[in-house]
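What follows is one structure encoded as structure tokens, with my remarks underneath.
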Amino acid sequence: MKIKDLTLPTLPYNFSDLEPFISAKIMELHLTKHQNTYLTKLKAGVESMPDLQDTDLEEALQKISSLPQNLQATVRNMGGGFWNHSFFWKILTKPNTSEISNTLKIEIEKNLQSVEAFTEKFTTMSTSLFGSGWVWLIKNKTGGLEVVQTPNQDNPLMDISLVKGTPILGIDLWEHAYYLDYLSDRAQYVNNFFKIINWTQVEKNLSNAS
Ligand code: MN3
């Protein structure tokens with residue numbers, strides 16, 4: 001969607017629907033404060049550049065290095081923040097209502113040995129990420145599935161990202177995503193994240209990336 005037409009998304013569930021694993025309070029703040037700030041700052045930042053306002057956000061994320069110097073940080077941090085959160089809301093769902101499909105299981109086994117090995121890798125990458133950022137399951141350029149980390153609000157779609165590919169699944173590892181519920185226990189947050197993954201959406205992300 002064009003940057004100028006972006007609006008704060010509507011969650012596909014209620015704030016309280018991810019409890020007890022993510023509280024309504026966190027969901028509300030996360031959407032209405034954090035994501036809203038990324039959106040507001042993104043729009044304000046590109047106000048002086050009509051061409052960029054008319055650019056699709058995903059397209060802009062793919063050409064950050066060719067944007068005017070003074071807008072690169074805005075698109076990277078605010079545009080990335082907005083995109084990442086819109087993606088994140090969709091891959092979550094009510095606890096224990098979604099199961100990994102056979103198609104996805106086979107794909108994961110083909111690339112990452114087993115679902116268990118994938119879960120372990122994703123968890124280790126999440127707990128070992130220094131500072132704020134995201135861990136993703138991506139479809140990489142050669143068509144393989146890979147677990148990768150990105151700092152801050154970067155994501156693997158960005159031309160400036162060290163790891164590139166199409167996000168299939170991702171977890172927000174900023175403290176604002178879990179601190180109210182888990183304090184510094186990031187490992188427990190990551191563990192519970194697996195109970196609220198919307199596998200149908202993950203599979204959709206994979207087939208769209210193919
Ligand atoms: Mn966040």
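The table below lists the values:
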quantity	calculated
Leading residue by the ranking (surrounded by the fewest Cβ atoms within 10 Å (Cβ to Cβ)) among those in segment 182-191 that are more than 16 Å from the ligand (Cβ to nearest atom) and in a helix (DSSP H, G or I)	ALA187
Some residue of segment 84-104 being among the acidic types (Asp, Glu), part of a helix (DSSP H, G or I) and either under 17 Å from ILE168 (Cα atoms) or within 16 Å of the ligand (Cβ to nearest atom) (or both)	no
TYR189 at pLDDT 95 or above, out of contact with any helix residue (DSSP H, G or I) (no Cβ under 8 Å at 6 or more places or on another chain) and among the hydroxyl-bearing types (Ser, Thr, Tyr)	no
Filtered residue count, segment 1-59, keeping only those that are of a type in the set (S, T, N, Q) and assigned to a helix (DSSP H, G or I)	7
Exclusive hit being at pLDDT 95 or above, under 26 Å from ARG76 (Cβ atoms) and touching a Ser or Thr at 6+ places or on another chain (Cβ under 7 Å), set LEU6, LEU29, LEU42	LEU42
Options TYR182, TYR178; residue that is of a type in the set (Phe, Trp, Tyr), over 16 Å from the mean Cα position of the chain (by Cα) and farther than 28 Å from LEU67 by Cβ	TYR182
Every residue from segment 155-181 that is within 13 Å of the ligand (Cβ to nearest atom) and not in a strand (DSSP E or B)	ASN155, LEU173, TRP174, GLU175, HIS176, ALA177, TYR178, TYR179, LEU180
Per-region count, segment 82-108, residues modelled with pLDDT under 95 and closer than 20 Å to TYR178 by Cβ	1
Pairs where the first residue, in segment 99-111, is under 19 Å from TRP136 (Cβ atoms) and the second is part of a loop (DSSP other than H, G, I, E, B), C-beta under 6 Å, 6+ apart	ASN111/GLY144
Qualifying residue in segment 34-54 (condition: under 16 Å from SER86 (Cβ atoms), within 14 Å of the ligand (Cβ to nearest atom) and touching a residue at least 60 places away in the same chain (Cβ under 8 Å))	yes
Among the residues listed as ASN198, ASN152, ASN111, ASN205, the single one being surrounded by 15 or more Cβ atoms within 10 Å (Cβ to Cβ), more than 17 Å from the chain's Cα centre (by Cα), polar (S, T, N, Q) and at pLDDT 95 or above	ASN111
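The values are calculated or read from the model by the stated rules, or taken from the named source; none is laboratory data. Here the structure is a predicted model, which means the values were calculated and not measured. Virtual Cβ from ideal backbone geometry, glycine too; neighbours counted across all protein chains shown.
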